[in-house]
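See structure below.
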2 protein chains.
Amino acid sequence: MSRRSGILEFAVLGLLRESPMHGYELRKRLNTSLGVFRAFSYGTLYPCLKTLVANGWLIEEPGSAPEDALAASLAGRRAKIVYRLTAEGKEHFEELLSHTGPDTWEDEHFAARFAFFGQTEREVRMRVLEGRRSRLEERLEKMRASLTRTRERLDDYTLELQRHGMESVEREVRWLNELIESERAGRDQRRSPEAGAAQQDTSGDAGGLPRHRGTTPPDPSEDTK
Amino acid sequence: MSRRSGILEFAVLGLLRESPMHGYELRKRLNTSLGVFRAFSYGTLYPCLKTLVANGWLIEEPGSAPEDALAASLAGRRAKIVYRLTAEGKEHFEELLSHTGPDTWEDEHFAARFAFFGQTEREVRMRVLEGRRSRLEERLEKMRASLTRTRERLDDYTLELQRHGMESVEREVRWLNELIESERAGRDQRRSPEAGAAQQDTSGDAGGLPRHRGTTPPDPSEDTK
DNA sequence: AATTTCATGTAATTCGTTACATGATTCC
DNA sequence: GGAATCATGTAACGAATTACATGAAATT
């Protein structure tokens with residue numbers, strides 16, 4: 001019963017675990033956190049929220065977000081509905097977090113999982129990263145095979161498309177390698193020089209993400225438009 | 001009427017334009033030519049073929065592919081159905097090829113378009129490549145904006161996901177730049193040394209694709225499994 | 001005052017998959 | 001003679017979108 005999309009359900013629970021939110025904001029966060037990979041519309045989100053409530057994983061609260069203190073106190077106007085994770089919901093999410101299946105390695109599932117690595121145990125993180133990597137390696141083999149098999153009949157553009165596709169996958173594999181290495185390093189070097197004092201516990205080098213040069217120059221841009 | 005998926009219809013027509021084929025083979029080619037990006041199942045393909053036939057763009061022929069000469073000559077056994085593009089179908093495809101809309105720049109549409117660049121006029125190719133590029137640049141701006149806006153509240157993993165996503169997009173932009181440059185170069189240097197004699201007219205350097213080191217080592221692999 | 005953005009929802013529709021059903025051909 | 005692969009389909013279902021409908025709040 002209630003075998004919903006998985007991905008959306010998972011992401012909603014994950015976001016709400018961090019803090020209660022109403023649908024509209026949820027959607028925005030959804031489309032930036034999972035970024036690039038997935039965008040959901042209201043027509044998908046709101047019905048999903050309903051069923052999550054029906055499952056007892058969320059409760060609806062009348063708008064009580066910080067800025068709404070005033071608005072909420074006023075009479076019977078349609079307040080924002082703020083969704084909050086219940087204890088059962090939290091438990092359920094915990095379960096989802098630790099479980100891995102064959103879907104986990106697919107593009108969108110993986111992105112969703114990764115987005116919540118901050119709340120995932122290292123053991124599971126490793127499983128997910130390695131699973132994803134071998135999934136991609138399978139894919140690469142298939143591509144290589146099909147390239148050598150059908151090489152002659154393909155025109156230059158198709159070939160170029162294929163080549164670029166393969167390079168993308170190879171690039172992701174390298175990325176995963178870095179991440180896996182970092183995770184391993186994080187496990188081995190217990191106590192890092194100044195861990196423990198920082199306020200964000202996944203920051204610093206304790207969590208062990210590789211350092212990258214910022215892709216974003218200061219760029220004080222106006223608005224998204 | 002009959003506003004089918006677009007992408008599948010387009011790809012089917014494009015593949016059949018090169019040579020007649022039956023459904024099973026069509027699907028395989030579909031899933032390698034468009035590669036990485038899209039995979040269709042029979043449940044999608046066969047009904048689509050039906051409607052294309054109904055539209056008069058394809059005709060069904062009893063199996064007459066090279067290897068089937070014998071099989072086809074035998075009595076009333078269920079032959080493979082080979083699909084062949086009609087004149088109307090060809091015309092329709094031609095139209096699709098030269099038309100560009102807002103969808104054209106999206107991931108899957110673009111991949112499909114690119115896969116048939118060999119049959120596309122250079123002018124249109126340029127339009128598609130440049131359209132895609134500016135689509136991606138829009139995307140980059142949004143990402144940058146959202147990064148600078150919400151920087152503080154995101155944990156390291158989410159940030160890393162975003163960073164990797166952005167790099168992927170930036171990489172594709174560079175790829176497009178190369179391609180666009182090649183196209184332009186191809187336009188200027190009219191008559192290349194030995195154009196005209198080769199059997200594949202999009203091969204050689206006339207089309208002007210950038211040279212890349214082979215990503216595929218010889219690797220004589222068994223089968224795709 | 002008007003426009004934009006915030007905010008919530010529903011109904012119809014599109015796109016595509018999974019699972020099923022069937023059978024021929026080829027490989028071992 | 002049994003397994004794998006080739007080959008064609010259908011019906012039931014699933015996931016998500018679009019378009020619509022509604023209205024409050026903030027901005028200009």
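The values are calculated or read from the model by the stated rules, or taken from the named source; none is laboratory data. These numbers were taken from a predicted model, which means no experiment stands behind them. Virtual Cβ from ideal backbone geometry, glycine too; neighbours counted across all protein chains shown.
Out of (1) surrounded by 13 or more Cβ atoms within 10 Å (Cβ to Cβ); (2) at pLDDT 90 or above; (3) near DNA strand C (Cβ under 10 Å from one of its atoms); (4) not charged (D, E, K, R), what's the single condition that is false for B:A71?
Just one mismatch for B:A71, condition (2).
Which of the residues belonging to the range B:33-58 are surrounded by fewer than 21 Cβ atoms within 10 Å (Cβ to Cβ) and within 14 Å of chain A (Cβ to nearest Cβ)?
B:V36, B:F37, B:R38, B:A39, listed by residue number.
Out of B:G23, B:G6, B:G14, B:G43, which single residue is touching a residue at least 60 places away in the same chain (Cβ under 8 Å), near DNA strand C (Cβ under 10 Å from one of its atoms) and among the small types (G, A, S)?
Within the list B:G23, B:G6, B:G14, B:G43, the selection yields B:G6.
Every residue in the range B:98-116 that is touching a residue at least 60 places away in the same chain (Cβ under 8 Å) and hydrophobic (A, V, I, L, M, F, W, C), please.
B:A111, B:A112, B:A115, B:F116
Just wondering, is there one or more residues in the range A:135-149 that are surrounded by 17 or more Cβ atoms within 10 Å (Cβ to Cβ), at pLDDT 95 or above, more than 16 Å from DNA strand C (Cβ to nearest atom) and under 21 Å from the mean Cα position of the chain (by Cα)?
No, because not a single residue in the range A:135-149 is surrounded by 17 or more Cβ atoms within 10 Å (Cβ to Cβ), at pLDDT 95 or above, more than 16 Å from DNA strand C (Cβ to nearest atom) and under 21 Å from the mean Cα position of the chain (by Cα).
Somewhere in the range A:183-190, is a residue assigned to a helix (DSSP H, G or I) and facing chain B (nearest Cβ under 9 Å)?
The answer is no; no qualifying residue exists.
Can you give me the number of residues within the range A:118-134 that are at the interface with another protein chain (Cβ under 7 Å from one of its Cβ atoms) and surrounded by fewer than 18 Cβ atoms within 10 Å (Cβ to Cβ)?
0
Could you check how many residues of the range A:147-169 are at the interface with another protein chain (Cβ under 7 Å from one of its Cβ atoms) and in contact (Cβ under 8 Å) with a residue 12 or more places away in the chain?
Number of matching residues: 4.
Collect the residues in the range A:94-109 that are in contact with an Asp or Glu (Cβ under 9 Å, 6 or more places away or on another chain) and under 22 Å from A:R29 (Cβ atoms), keeping them in residue-number order.
Residues satisfying the conditions are A:L96, A:L97, A:H109.
Of the conditions (1) within 14 Å of DNA strand D (Cβ to nearest atom); (2) over 18 Å from B:A111 (Cα atoms); (3) modelled with pLDDT of 80 or more, B:N55 fails just one. Which one is it?
So B:N55 meets the others, but not (1).
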